[in-house]
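The values are calculated or read from the model by the stated rules, or taken from the named source; none is laboratory data. Values in this document were obtained by computation on a predicted structure and should not be read as measured data. Backbone-built Cβ (ideal geometry, glycine too); neighbour counts: all protein chains shown.
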Amino acid sequence: MPARKNHPDAPLVEEIIDRLTPFAPVSSRFMFGGWGLFVEGLMFGLVDDGSVFLRADEVNRPTFEAAGQRQWVYEMRGKPTTLPYFSLPEDDFDDPEALRAWFEGAREAAIRNAKPKRSRVKKQT
């Protein structure tokens, strides 16, 4: 169950986690007024304003664009800002095979674009 149960997107967050958990352990974190969706410590999606958005990159972005999906846009300092997340096709939300394909593509995009973790070990001089 996501934190902030009274938030309008809480039921959608819970539902998408329930639908994706058979494929991998998915978690959510409340951030910036919406939720980030995580698998294996990587953010692969987000829920905002009643919609699910999934991570895209140069490999899977054409699939989102061919399906006519919209890119996530938010306002930062009064200007529209886009991030590499595209909406999940509504018809595929209820289709487990299609949902898994979108999820796997987003997870792979998150893995491909993960920044290396910094080592906390101090170098000896």
If you check Glu40 against the conditions, is it closer than 20 Å to Asp9 by Cα, surrounded by fewer than 19 Cβ atoms within 10 Å (Cβ to Cβ) and modelled with pLDDT under 95? no
Those residues of the stretch 75-91 which are at negative phi and surrounded by fewer than 16 Cβ atoms within 10 Å (Cβ to Cβ) amount to Glu75, Met76, Lys79, Pro80, Thr81, Thr82, Leu83, Glu90, Asp91
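Of all residues in the stretch 79-90, which are within 21 Å of Arg19 (Cα to Cα) and either of a type in the set (Gly, Ala, Ser) or at pLDDT below 95 (or both)? Let's see the steps before the verdict.
Pass one, the stretch 79-90, residues within 21 Å of Arg19 (Cα to Cα): 85-90.
If the condition is that a residue be within 21 Å of Arg19 (Cα to Cα) and either of a type in the set (Gly, Ala, Ser) or at pLDDT below 95 (or both), then Ser87, Glu90 are the ones that fit.
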Restricting attention to the stretch 85-113, the residues that are farther than 19 Å from Gln71 by Cβ, touching a residue at least 40 places away in the same chain (Cβ under 8 Å) and not aliphatic (A, V, I, L, M) number exactly 3
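Considering only residues that are touching a strand residue (DSSP E or B) at 6+ places or on another chain (Cβ under 8 Å) and loosely packed, with under 15 Cβ neighbours inside 10 Å, which ones fall in the stretch 46-56? Let's see the steps before the verdict.
In the first step, residues of the stretch 46-56 are kept if they are touching a strand residue (DSSP E or B) at 6+ places or on another chain (Cβ under 8 Å); the result is 46-49, 51-56.
Once the filter is applied, which keeps residues that are touching a strand residue (DSSP E or B) at 6+ places or on another chain (Cβ under 8 Å) and loosely packed, with under 15 Cβ neighbours inside 10 Å, the stretch 46-56 yields only Asp49.
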Count - residues of the stretch 44-78 that are at pLDDT 95 or above, over 23 Å from Asp18 (Cα atoms) and in a strand (DSSP E or B): 1
